[in-house]
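Shown next, in structure tokens, is the structure this report addresses.
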There are 2 protein chains.
Amino acid sequence: MTKFDEATQAIKIDDQTYDVCLDPGYSIGGPLNGGYLVAVLLRAAVDAAPFAHPVSTSAQFLKAPVPGPARVRVEPLKAGRTAAFSRATLIQDGAAAIEALVTTATLAEAEPDYSGEAPDMPPIEQCAKLPDPKPESNMTLNAQMELCFDPPTIGWLHGRPTGRPESRAYFRMSEEQDPDAYVLALAVDALPPVVFSAGRRGWAPTVDLTWNLRALPAPGWLTLAGSGRLISGGWFDEEVEVWDSVGRLVAQSRQLARVGRG
Amino acid sequence: MTKFDEATQAIKIDDQTYDVCLDPGYSIGGPLNGGYLVAVLLRAAVDAAPFAHPVSTSAQFLKAPVPGPARVRVEPLKAGRTAAFSRATLIQDGAAAIEALVTTATLAEAEPDYSGEAPDMPPIEQCAKLPDPKPESNMTLNAQMELCFDPPTIGWLHGRPTGRPESRAYFRMSEEQDPDAYVLALAVDALPPVVFSAGRRGWAPTVDLTWNLRALPAPGWLTLAGSGRLISGGWFDEEVEVWDSVGRLVAQSRQLARVGRG
């Protein structure tokens with residue numbers, strides 16, 4: 001079992017209740033990464049579902065949980081022939097931290113009938129890493145994954161934002177692990193906020209996030225392509241597409257978040 | 001009160017319960033339009049919320065309700081300073097038809113800090129309407145709204161699909177009505193399925209849909225730009241952007257749906 005599998009483990013207590021332990025290794029400067037928390041919640045929701053693949057997950061971020069024990073409560077809503085629906089709640093100290101709707105189905109191995117184009121990325125050797133975070137920053141998430149960025153999209157690091165909300169990077173877990181639905185749940189929220197590239201730095205809390213699993217990823221590097229359409233009145237959207245190593249679109253997400261101050 | 005306002009009315013029974021009456025005028029050949037149903041559910045959810053604007057709504061379509069009485073049950077989950085979260089369920093004959101998570105907030109009138117580009121549309125005089133549906137088809141929705149299409153995106157009507165999932169049209173209600181959040185809930189699901197343009201006709205049921213209200217629309221025509229990224233294994237995604245008459249992005253949606261057979 002990899003460290004990530006262990007950090008997202010959900011232990012069944014009864015048909016609707018799972019115990020989890022939130023790992024301090026997924027911190028983004030205090031709060032835990034939202035994608036990591038969704039991965040934990042999905043471990044329970046998928047275990048309780050009649051189908052194996054979480055094709056759609058919509059999550060509201062109510063309260064930032066802290067590392068340590070928590071629970072996931074899963075409530076089945078409806079199971080049909082092709083899809084099943086459930087509600088899942090991540091609860092800590094009696095308070096809901098994440099409320100989610102999860103739709104599961106079976107994704108077959110299939111050649112796409114139609115696919116949009118993969119993002120244009122430079123070869124990985126020409127991509128750039130973020131500097132290691134300072135230990136006191138408590139950015140423990142960074143050590144769990146490797147991100148190699150399309151250089152202009154981290155120009156903001158050196159005072160040269162592109163002026164557009166965007167972020168593109170190759171992604172894999174630091175520990176050898178084939179990507180799966182849970183890794184993808186982490187991946188769709190793994191990029192620095194796309195608004196950094198539009199010159200808006202600072203803590204950018206996710207309000208809600210929906211992501212769709214579109215195909216089961218092949219082993220190897222993933223490519224994450226993040227963008228946004230509107231920054232207005234303190235709100236922004238962030239869309240992330242995840243492509244696998246054989247060039248298939250495997251996940252799509254959109255989150256609505258607040259623009260950071262400072 | 002317009003016919004649409006009446007058809008989406010929610011009458012408060014108690015803090016968490018609203019009576020609604022689903023209108024047969026929003027049928028798409030039998031089932032009621034999903035966007036219409038979400039608009040009904042939002043009337044109740046927003047009335048029960050501390051903020052006026054439904055900035056994010058994620059809905060799972062569990063069961064197709066029929067015209068006639070139904071209920072919306074709203075459960076507040078958390079209210080913070082900038083956003084409030086609730087669960088809302090549309091229930092008919094004791095069974096949940098739609099399960100939703102609704103996030104409300106206050107959208108200020110603001111100039112965007114950044115905006116993507118509006119879709120490229122021909123002038124409205126050069127756009128084309130769909131033929132009137134046959135009375136026996138029970139497509140009553142069409143009479144509620146005016147849609148003027150970018151002609152190539154309805155080439156599928158005459159055996160000339162573009163080969164890509166896309167659909168673009170000007171939209172307004174047939175009865176004079178300024179667009180608001182409820183009209184937008186209808187608008188994001190008002191286009192023919194984008195897969196028609198990729199040569200995949202037939203009934204394309206929505207499995208789930210998330211939409212974001214990004215700004216309050218100005219009076220006048222809306223522009224709907226629909227597209228998709230992947231059609232694979234019987235599933236497709238449909239993204240719709242809604243732009244208002246002064247060129248602002250006012251709504252964004254994504255739905256996951258099944259490809260029709262036949």
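The values are calculated or read from the model by the stated rules, or taken from the named source; none is laboratory data. Just so we're clear, the structure is a prediction, and the values are computed from it rather than from any experiment. We place every Cβ from the backbone using ideal geometry, glycine too, and count neighbours over all the protein chains shown. What goes into the accessible areas is simple: the full protein's heavy atoms, side chains included, and nothing from ligands, DNA or RNA. Shrake-Rupley method; radii C 1.70, N 1.55, O 1.52, S 1.80 Å.
Other protein chain C-beta atoms within 10 Å of residue C-beta, averaged over B:145-153: 0. Working note: Karplus 6.51/-1.76/1.60 with θ = phi - 60° gives segment A:124-140 the couplings 4, 5, 8, 8, 10, 9, 6, x, 4, x, 5, x, 6, 6, 6, 8, 6 Hz, where Gly and Pro are set to x.
Fully extending the segment from A:Gln9 to A:Ala118 would add 36.0 nm, taking 0.36 nm per residue of separation and subtracting the current Cα-Cα distance. The H on the amide N of B:Tyr114, modeled in the peptide plane, is under 5 Å from the matching H of A:Ile231, each at least 5 residues off or on a different chain.
For A:Thr17, nonlocal amide neighbours, meaning residues 5 or more places apart or on other chains whose placed amide H falls under 5 Å from its own, are A:Val74. Cys residues of chain B that find no other Cys beta carbon under 4.7 Å: B:Cys21. With the helix formula -39500 (n - 2.57) applied to DSSP H stretches of n ≥ 4, the protein assembly as shown reaches a computed 222 nm mean residue ellipticity of -3000 deg cm²/dmol.
Is segment A:1-132 best put as rounded, prolate or oblate by its Cα gyration tensor, with a ≥ b ≥ c the root eigenvalues, rounded for a/c under 1.5, and otherwise prolate when a/b is larger than b/c, oblate when not?
Oblate, because a/c is 1.5 or more while a/b does not exceed b/c.
Between B:Val250 and B:Val242, B:Trp243, B:Asp244, the built amide H atoms are under 5 Å apart, and every one of these is 5 or more places off in sequence or on another chain. P(r) for chain A: what percent of alpha-carbon pairs falls in each 5 Å bin, starting at zero? For chain A, the binned pair fractions read 1, 6, 13, 18, 20, 18, 13, 7, 3, 1, 0 percent. Accessible surface for A:Lys3 stands near 120 Å², nearest 10, in the context of the full protein assembly shown (1.4 Å probe). Inter-chain Cβ neighbour count for A:112-125, averaged per residue, equals 3 (cutoff 10 Å, partner chain atoms only). Derived scalar couplings between HN and Hα for segment A:208-213 equal 8, 8, 10, 9, 10, 8 Hz in order, rounded to whole Hz, by the Karplus curve 6.51 cos²θ - 1.76 cosθ + 1.60 (θ = phi - 60°), x for Gly and Pro.
Compared with the dominant Cα axis of chain B, that is its longest principal axis, helix B:34-47 is turned about 30°.
Across peptide A:98-107, how many C-beta atoms of other chains are within 10 Å of each residue C-beta, on average? All intermediate terms of the calculation are to be shown ahead of the outcome.
On the way: counts 0, 7, 2, 9, 2, 6, 0, 6, 1, 4.
Mean partner shielding for this stretch: 4.
Only lysine pairs 8 or more places apart or on separate chains count here, and in chain B those with Cα atoms under 28 Å apart total 8. The phi-based Karplus calculation (6.51 cos²θ - 1.76 cosθ + 1.60; θ = phi - 60°) puts the 3J(HN,Hα) values of segment A:245-250 at 5, 9, x, 9, 6, 10 Hz, whole numbers, x for Gly and Pro.
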